[in-house]
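> Quick one: the structure is below, questions incoming.
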Amino acid sequence: MGLFETEPDVYLDPQGAEITWKQYICTKFNKSGEILTDSLKDVILDRLGKDPKQLDVIVRLGLIDDLPVEKRGTPIDTLCNYLAKRLSYGAHERDMVLMRHDIGIQWGDGKMEERSIDLVSYGDIGGFSAMAKTVGLPIGIAARMILTGEIQTKGVCCPTAPEMCLSILQRLKNEGIAATEKSTLK
């Protein structure tokens, strides 16, 4: 729909005329801002390949409502600003990171093993999000290890090397971020 474009859009010039999200979406399809909402939905569905789930997301986000657009110059900047406000956490909400890895192993003797690794992390209400913790803490731990000389490797190195990985995983566990593993031999 062109909402991820990085080039300036005349309709999104902060000094330009006021515009609603419905009117702006209409410009993306060369339609009048006076089009009926159901007709606009049909136009959007045609563009999206008749996927009603995608249309439902657009509707639920308010992107075809008569809400004023806080214009930021480009479609992507305007959309990001809108979504950051629209999707921000409420007073008692938090995020969650959920990862699952299923790994199949065939050992040299022909035996099969299935391993699953699960990680669940919750954000802190009024504090750091789970995403911030699961991304930022490993990087911060590794940076501290480099600064204190614990990691001596120069240049680009693989973070899965046991001398780094095991230490980082233990420190993450101390911060409350730990994976659980299950293994089944077949």
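The values are calculated or read from the model by the stated rules, or taken from the named source; none is laboratory data. Computed from a predicted structure; not experimentally measured. Positions of Cβ are backbone-derived with ideal geometry, glycine not excepted, and every protein chain shown enters the neighbour counts. Just the protein is used for accessible areas: all its heavy atoms, side chains included, with ligands, DNA and RNA removed. Shrake-Rupley method; radii C 1.70, N 1.55, O 1.52, S 1.80 Å.
> For the range 142-186, how many residues meet the condition of being in contact (Cβ under 8 Å) with a residue 40 or more places away in the chain and surrounded by 13 or more Cβ atoms within 10 Å (Cβ to Cβ)?
4
> Mind counting the residues in the range 77-121 that are without any contact (Cβ under 8 Å) to a residue 60 or more places away in the chain and of a type in the set (S, T, N, Q)?
Matching residues across the range 77-121 total 4.
> Among the residues that make up the range 126-139, is at least one of them modelled with pLDDT of 90 or more, touching a Gly at 6+ places or on another chain (Cβ under 9 Å), open to solvent by less than 50 Å² (accessible area, probe 1.4 Å) and not small (Gly, Ala, Ser)?
yes
> State whether one or more residues within the range 95-107 are in contact with a helix residue (DSSP H, G or I) (Cβ under 9 Å, 6 or more places away or on another chain) and surrounded by 13 or more Cβ atoms within 10 Å (Cβ to Cβ).
Yes - at least one qualifying residue is present in the range 95-107.
> Hand me the list of helices (runs of 4 or more DSSP H) wholly inside the range 73-186 holding 3 or more residues that are under 24 Å from the mean Cα position of the chain (by Cα) and closer than 30 Å to residue 1 by Cβ. Steps first, please.
On the way: elements: 75-86, 130-147, 162-174.
So the answer is 75-86, 130-147.
> From the list 16, 49, exactly one residue is open to solvent by less than 70 Å² (accessible area, probe 1.4 Å) and under 18 Å from residue 67 (Cβ atoms). Which is it?
Working: 49 fails: under 18 Å from residue 67 (Cβ atoms).
Of the residues listed, the single one that is open to solvent by less than 70 Å² (accessible area, probe 1.4 Å) and under 18 Å from residue 67 (Cβ atoms) is 16.
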